[in-house]
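Comments concern the structure below.
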Amino acid sequence: MEVLNNITTTSLLLIFLLPVIITLIVFFRQAVGLRGFGIDVPLLLSYSFIIIGPIFGIILLIVSLVLSNAFYYFFKNTKLLHLPKVGLIIILTSFCIGLLGILFPYYLINISLSGILAVIFILSLTERFFSLRTHTSFWENIVYIVTISFIAIISYLLFSIEVLRAVILTYPLLVLVFCVIAVLLLGNWSGLRIAEYYRFKEVAKNK
């Protein structure tokens, strides 16, 4: 019964944490001015980091990106259509990840079913990265990956704060109202973003 209660508490916490993570994503997009991402990718990555931990999550993300890019260049000049090509790349990447799990079983021993789903989430993000690279440069892709990883790490840290966890579970409605108000305020943001202040700093000095 105690185990069941712990599972229920964790599940509720993950659900009630959703508005907080979305507000964080909107803040970085609207107030900070970090570009190139929507809500879905950083949200999935955030929950993946929360479930399997940021260290293993970052390692898995890097390995999957390296493998998928290697397969991408291998199939780059083939006449395959885009969707089958991406599907083939994800299949081969996931198979290689599985082989690495066999070679290094220590990392998979304590991963539950939800952890496996988090691994699948990270692998599924490969398609979004390929869609992004068609109209952005290599360094813009790097900035994009670092940005969403940074948001995911902050989400993990927020989840790890015991006081915040207690507040979210005890006053979920209050947290919801706070997040709604914050998103509404960010939705009416009309000034310069923080990144734009930095970007136009030299222009302001010249004036």
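Each reported figure results from applying straightforward, stated rules to the coordinates on display, with no laboratory input. From a predicted model like this one, the values you see are computed outputs, not experimental measurements. Glycine gets a Cβ as well: all are built from the backbone with ideal geometry, and neighbour counts include every protein chain shown.
Peptides 147-153, 40-46, 11-17, 171-177 ordered by packing proxy, namely the average of other Cβ atoms within 10 Å per residue, highest first: 40-46, 147-153, 11-17, 171-177.
Projecting label points 7 angstrom from Cα along Cα→Cβ for residue 74 and residue 162 puts them 4.8 nm apart. Annotation for residue 63 and residue 100: the two label points, set 7 Å from Cα along the Cα-Cβ direction, are 0.4 nm apart.
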